[in-house]
1. On the accessible surface of the range 91-285, probed at 1.4 Å, how many percent belong to carbon and sulfur atoms?
2. At 1.4 Å probe size, with every protein chain present, just tell me what the per residue accessible area of the range 3-78 comes to in Å².
3. When the Karplus curve 6.51 cos²θ - 1.76 cosθ + 1.60 is applied with θ = phi - 60°, which whole-Hz ³J(HN,Hα) does each residue of the range 172-179 get, with x for Gly and Pro?
4. Tell me, what is the FRET efficiency for S144 and H204 to the nearest 0.05, using R0 = 45 angstrom and their Cβ-Cβ distance as r?
5. Across every pair of different alpha-carbon atoms, what Kirkwood hydrodynamic radius in Å does the range 3-78 reach?
6. With a 1.4 Å probe and every protein chain kept in, tell me what percent of the accessible surface of the range 3-78 is carbon plus sulfur.
7. Quick check on the chain: of the DSSP beta bridges with both residues there, what percent are antiparallel, nearest 5%?
8. Roughly what angle does helix 99-110 make with the longest principal axis of the chain, taking Cα atoms, 0 to 90 degrees, to the nearest 10?
Amino acid sequence: MQHGPAVRRRKLGAELRALRTSAGLTSGEAARLAGWHQSKVSRIETGTSGVKPADVRLLLDVYGVADRQLRELLLVLSGSSDDGGRHHWWHAYRGVLPPTYRDFISLESQASAMRTLETTVIPGLLQTPEYARAVTEAALEGTSAERLDALVEVRLARQDVLRTEPPLELSAVLDEAVLRREVGGPGVMSRQLGRLVEAARLPHVRLQVLPFSAGAHIGVTGPFVIFSFSRTSDLDVVVLDHLTSSHHLERKEDLRAYVEAFNALSVHALSPEDSLDFIAGAAAGA
């Protein structure tokens, strides 16, 4: 049985391989110390086989990894429950969330920083309940009210990452179209833009607007998200959203290309201060 979505297995396997190498152990030596066959270590490290949380704990002990935050991150990638024994909150929504979305939430919950380009809608972490409902209803036309309610609940629950300690560091570049597209009616949009103004004043949130006057830009091909982790850059990943799925880019060259793209977009966008004024102006006119 495979445990956890594919991107998590690959990321977890790569990190465990790096930790084994840092510990000066061959895969055969690690397997012997863990009481396993060497092939099990190899399958875990290549991501071709899932790994149980108990196995991850054993390997981390074998490799002498004492960093609590790193251990917690790797255990989350293996599908572990938290320290209180509770399953992570999104597990309760398995019936309505596809595996790629659960994977996205898992990464988001443990990331230290998130950089995102949005070209069509307000970032999910900054949406008001009514805006979230209007967007979800439009994207999934014909879905049942029960499923719609559950998906909105998930969207709002995700926002807790901005209120934890330490909070997720969020940097977002918003195409002007995001602010101009009326979602849910004038009242909903006005309140949503007001929420953006509030968020832009938070010390861990950096918002920049890419105005229409900037012309064509590198982000016209579509939105993307870059997750970064404070304990290890090897787990950083780019996520591209599509209508029915998400695509993860894990190669270092892909990550580097998207980081450079985000940096270029930040240069061409308005400064955070001017962006705040821009958003406030849009809210006043909404």
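The values are calculated or read from the model by the stated rules, or taken from the named source; none is laboratory data. Note that the coordinates shown come from a computational prediction; the quantities given were computed from them, not determined experimentally. Cβ: placed from backbone, ideal geometry, glycine included. Neighbour counts: every protein chain shown. Please note that ligands, DNA and RNA were not included when accessible areas were found on the heavy atoms of the full protein model with its side chains. Shrake-Rupley method; radii C 1.70, N 1.55, O 1.52, S 1.80 Å.
1. 53 percent
2. 45 Å²
3. 10, 9, 10, 5, 4, 4, 4, 7
4. Result of the calculation: an efficiency of 0.80.
5. When all Cα pairs of the range 3-78 are included, the Kirkwood radius is 11.9 Å.
6. 51 percent
7. So the antiparallel bridges amount to about 50 percent of the total.
8. Tilt of helix 99-110: around 90 degrees.
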